[in-house]
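See structure below.
Where a number appears in this text, it was derived from the coordinates with a stated rule and is not lab data. Only a predicted model underlies this, so the values are computations on that prediction, with no experimental measurement involved. No Cβ is skipped: glycine too gets one built from the backbone with ideal geometry, and neighbour counts run over all protein chains shown.
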């Protein structure tokens with residue numbers, strides 16, 4: 001799975017209706033351009049592709065008063081909402097995804113209700129445990145990586161990564177069980193989006209043509 005689809009759909013959903021520069025600004029504000037493939041070109045490409053697939057509806061706005069091209073604003077369709085929640089749930093539970101996929105899901109997990117988020121994260125811990133058990137059928141961490149020669153360092157790295165991932169997820173579960181964060185149905189969650197016109201301290205460059213007046 002690519003994180004860009006979840007990131008772009010989620011960013012549009014947070015605004016209700018957003019143009020490309022808003023989506024890009026929010027994702028850069030999250031630092032997504034550092035930990036995922038959410039680079040400017042990928043974001044604009046994803047917006048157009050999602051619109052072609054019927055997951056976003058593209059609205060052409062009036063040309064700018066300065067004579068620039070019309071700005072395209074995007075809005076989620078019903079199919080887009082279904083795809084968004086499917087990706088979000090899958091990204092929270094599946095182990096073996098790239099870290100950017102989990103990172104994207106963590107940014108939107110408050111769109112779920114608290115009980116469901118806890119259940120999905122619990123499933124993630126179980127998936128990590130199953131993966132670890134399958135690996136340790138032929139690799140024993142206690143024996144040290146040298147048992148497989150220097151190649152054993154690869155497996156040792158992945159087993160340690162799984163262990164730390166499970167420990168971190170259990171910590172997140174405990175924080176959520178303790179009342180951390182505002183989930184769906186509990187009030188207004190923290191979204192972490194930029195207000196229209198608010199300067200972005202993490203911007204990587206100039207706007208895409210037609211993205212703003």
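General observations
- Sorted by Cβ density within 10 Å, fewest first, the residues 137, 83, 123: 137, 123, 83
- Relative to the current alpha-carbon distance between residue 115 and residue 58, full extension at 0.36 nm per residue lengthens the span by 17.1 nm.
- Distance between region 12-32 and region 68-108 - C-alpha centres, whole angstrom: 12 Å
- Fewest neighbouring Cβ atoms within 10 Å first, the residues 2, 161 line up as 161, 2.
- Approximating the spin labels as points 7 Å out from Cα along Cα→Cβ, the residue 154-to-residue 177 distance works out to 3.7 nm.
- Shown here are the Rg and Dmax of the Cα trace of region 1-47, at 9.2, 25 Å.
- A Cα-only calculation for region 15-99 places Rg and Dmax at 14.6, 49 Å.
- Taking 181, 29 and counting other C-beta atoms within 10 Å, the order from fewest to most: 181, 29
- Using 0.36 nm per residue and subtracting the Cα-Cα separation, the extra length available between residue 49 and residue 161 on full extension is 36.9 nm.
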